[in-house]
Amino acid sequence: MEYADTHGTVLAFDLGLKRTGVASGELSIGVAHPLTVIQAESTDARIAAIGKLIVEWQPVLLVLGLPIHVDGSEHEMTRVARNFGRKLESTFKLPLFWIDERHTSTAAESELHARGIHGKKNKALVD
């Protein structure tokens with residue numbers, strides 16, 4: 001999917017079963033920065049928290065990571081993410097762009113390791 005606008009705020013989500021990472025960015029710059037982590041296990045609680053962020057940040061686009069195996073095959077979290085993405089679209093009526101998450105955790109772990117961050121601190125930051 002391509003997005004025609006070149007300006008505006010983007011909110012990006014990395015969905016997890018217990019935590020959902022949130023980043024904000026600006027389309028014209030093309031860079032996102034960590035914003036917060038939503039500690040919620042239910043979809044309704046996540047949607048409520050995201051609703052507050054949408055009111056505050058007024059994004060023009062939402063981005064959601066799509067977890068898939070390295071070989072491109074899907075797994076249980078792929079289904080969970082797709083369902084959550086449909087819920088985001090239907091609730092907030094904003095365009096949704098999917099990001100292939102292959103290798104993103106590995107890249108984050110390598111960066112944290114290079115900075116000397118290990119163990120439990122690493123897990124929270126990777127998420």
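Bear in mind that the values in this text are calculations on the coordinates, not laboratory data. These figures come from a predicted structure and were not determined experimentally. Cβ: placed from backbone, ideal geometry, glycine included. Neighbour counts: every protein chain shown.
Between residue 73 and residue 36, the contour length at 0.36 nm per residue exceeds the Cα-Cα span by 10.4 nm. With contacts taken as Cα pairs under 8 Å and at least 6 residues apart, region 9-102 reaches a relative contact order of 27 percent.
Return the Rg/Rh ratio of region 9-102 with Cα-based radii and a Kirkwood Rh. Provide the component values of the computation, followed by the final result.
Numbers: Rg = 12.7 Å, Rh = 13.4 Å.
Answer for region 9-102: 0.94.
Please compute the modelled spin-label separation between residue 82 and residue 26, points set 7 Å along Cα→Cβ, answer in nm with one decimal. Modelled inter-label distance: 3.7 nm. Look at where the Cα atoms of region 23-43 and of region 68-86 average out, and the two centres are 19 Å apart. When each of the peptides 87-93, 11-17 is scored by how many other beta carbons lie within 10 Å of its residues on average, the order from highest to lowest is 11-17, 87-93.
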